[in-house]
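Working notes for the structure below.
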Amino acid sequence: MTSISACRGLVVAGTHSGVGKTTVTLGLIAAFRRRGLTVQPFKVGPDFIDPGHHGQAAGVMSRNLDGWMLTREYNAANFRRHAALADLAVVEGVMGLFDGYDGASDAGSTAQMAKWLGLPVGLVVDARAMARSAAALVHGFATFDPELTLAGVIFNRVGSAVHRRYLEQALELKKDAVCLGGIPRNQELSIPERHLGLTTAEEHPLTAQYLERLADLMEECLDLDGLLRRLPVIKTDKAAAAEPIGCSDKARLGVARDEAFCFYYPENLEWLEHFGAEIVPFSPLHDRDLPESLHGLYLGGGYPEVFAGRLAENRGLLKSINDRARAGMPIYAECGGLMFLSQEIKDLEGKSHALAGVLPFRVRMLPRLRALGYREITLTADGLLGPAGTQARGHEFHYSEIVSDPGGLGRLYRLTDRNGEASRLEGYTWGNVLASYVHLHFGSNPEVARSLMEQCRRFKERYLK
């Protein structure tokens with residue numbers, strides 16, 4: 001018999017980027033968790049940093065939902081599966097509520113995801129320098145899409161008790177949405193930022209004291225009981241939350257995990273485990289050698305440029321990786337992993353840091369964004385991730401560029417942007433190494449995870465001979 005559980009759900013959205021969605025989301029998670037609820041967080045869009053902070057606040061991993069990399073069916077199933085184990089699902093949106101791919105539809109937006117999941121929206125409004133005008137703003141958001149439901153409005157950066165009263169009065173007169181409260185300005189609760197966004201949970205862990213202060217703030221400033229009453233009950237299937245591992249023929253996959261390498265979709269690692277990976281974490285910053293008896297490496301993204309000096313000093317581990325690459329070990333590297341495998345990184349001060357030297361090119365950091373956007377890859381030949389013609393989807397976001405000619409390397413990917421245009425070759429290959437600036441989501445095509453693990457098992461068979 002199918003076991004069904006009840007969970008309530010909410011999407012936290014903003015009128016625009018920078019209104020404080022992440023702080024509000026973390027505060028709600030902390031407050032409801034302190035009340036004894038199990039909270040499952042989610043994040044809309046190809047984000048690695050916010051989910052890391054969600055996980056610290058909730059005590060469970062946050063999950064990405066994405067309207068382009070993943071199908072509607074995959075998003076819904078992923079949501080139901082993980083919400084099944086929770087009392088409350090909190091989904092943090094991306095950008096402004098209706099911001100997506102273009103101005104003509106809600107494709108790729110938080111609003112689209114809210115409708116796909118059947119969840120109401122808690123709208124965060126930055127109330128600085130506004131009073132009655134805030135009601136006009138909310139009126140527009142409340143009536144723009146009749147298919148969307150607002151659970152209420154949360155005013156952020158409120159200046160005073162009088163300011164909050166004006167905001168509540170204006171909202172009450174128009175009756176487009178319920179005011180759930182107002183949060184005062186508080187710079188002390190802001191999370192530091194850098195070029196890719198907020199600092200990561202690995203570098204800036206949320207302390208118990210910080211989360212207690214956030215929870216206190218939410219209890220003092222918001223009507224949490226009223227919010228819960230407005231949230232619908234979601235029917236979820238508990239059986240889907242415990243899918244069995246699909247492959248008993250294991251291979252040990254080393255995964256770089258530390259302050260410098262922390263950009264991984266949880267589903268990527270789970271799909272790899274499903275197809276036989278025994279995940280073996282290691283730290284390029286702290287470990288002096290690779291773990292024993294590995295059959296493959298996964299070098300994810302992160303901030304190798306910030307830690308380039310320390311990475312360059314770890315010569316023993318760099319040599320181990322170079323030796324494994326020359327021995328034919330499968331090595332899959334994304335963005336920061338690509339940079340790590342290069343000859344060197346030149347930082348913004350002009351200082352060069354010698355790294356693994358597996359790939360015959362150099363990388364330099366830029367003061368401006370070099371690339372940003374969704375990407376679809378198509379394999380131009382048989383390779384680490386499958387046969388020629390295999391497709392998968394991901395995202396590119398980086399401030400570095402390759403500055404020397406990567407001659408002698410194959411290019412396994414034909415990249416296209418979200419519109420199927422801007423075609424170019426990428427996905428650098430050498431031996432059994434594949435490196436790219438694209439962060440793939442294996443949920444877009446789990447067969448790439450299967451193929452990677454098949455290659456690791458083949459290396460294992462050679463290793464055991």
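Values quoted throughout were computed directly from the atomic coordinates according to the rules given, and no laboratory measurement underlies them. Everything numeric here is computed off the predicted structure, so don't read it as measured data. Backbone-built Cβ (ideal geometry, glycine too); neighbour counts: all protein chains shown.
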Can you give me the angle between helix 133-144 and the longest principal axis of the chain, using Cα atoms only, in degrees from 0 to 90, rounded to the nearest 10?
70 degrees
Arrange the following residues from fewest to most other Cβ atoms within 10 Å of their Cβ: VAL60, VAL91, VAL24, VAL403.
VAL403, VAL60, VAL24, VAL91
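What size of dipole, in debye to the nearest 20, comes out for the chain about its Cα centre when the only charges are +1 on Lys and Arg C-beta atoms and -1 on Asp and Glu C-beta atoms?
Values: 52 positive and 55 negative charges, 28 e Å.
For this selection, approximately 140 debye.
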Per the helix-only calculation at 222 nm, which mean residue ellipticity applies to the chain, given -39500 (n - 2.57) for every DSSP H run of n ≥ 4 and division by its residues, nearest 500 deg cm²/dmol?
-9000 deg cm²/dmol
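Considering only DSSP beta bridges with both partners in the chain, what is the antiparallel share in %, to the nearest 5?
Details: 40 of 88 bridges.
Approximately 45 percent, going by the DSSP bridge assignments.
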Given backbone amide H placed at 1.01 Å from N, residues whose amide H is under 5 Å from that of ALA151, ignoring those fewer than 5 places away on the same chain, are VAL121, GLY122, LEU123
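Taking a threshold of 27 Å on the Cα-Cα distance, which of the pairs LYS115/LYS238; LYS115/LYS174; LYS43/LYS235; LYS43/LYS250 fall above it?
Values: LYS115/LYS238 22 Å; LYS115/LYS174 24 Å; LYS43/LYS235 20 Å; LYS43/LYS250 31 Å.
Pairs exceeding the cut-off: LYS43/LYS250.
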How much FRET efficiency would the formula 1/(1 + (r/R0)^6) give for ASP102 and LEU369, where r is the Cβ-Cβ distance and R0 is 22 Å, rounded to 0.05?
0.65
Among all stretches of the chain without exposed GluC sites (Glu not before Pro) (DSSP loop, at most 11 other Cβ atoms within 10 Å), which one is longest?
1-146
Please report the relative contact order for the stretch 246-464, taking Cα pairs under 8 Å with a sequence separation of at least 6, and give it as a percent rounded to a whole number.
21 percent
Which whole-Hz ³J(HN,Hα) couplings does the stretch 389-394 yield from phi under the Karplus relation 6.51 cos²θ - 1.76 cosθ + 1.60, θ = phi - 60°, glycine and proline marked x?
x, 4, 10, 8, 10, x
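How many percent of all Cα-Cα pairs in the chain sit more than 39 Å apart? Provide the component values of the computation, followed by the final result.
On the way: 27049 of 107880 pairs.
Of all Cα-Cα pairs in the chain, 25 percent lie more than 39 Å apart.
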Listed by chain and number, the lysines with an alpha carbon less than 28 angstrom from that of LYS346, same-chain partners under 8 positions apart left out, are LYS319
Tell me which of SER17, LEU338, HIS139 sits at the most positive position along the dipole axis of the chain, charges placed on C-beta atoms (Lys, Arg +1; Asp, Glu -1).
LEU338
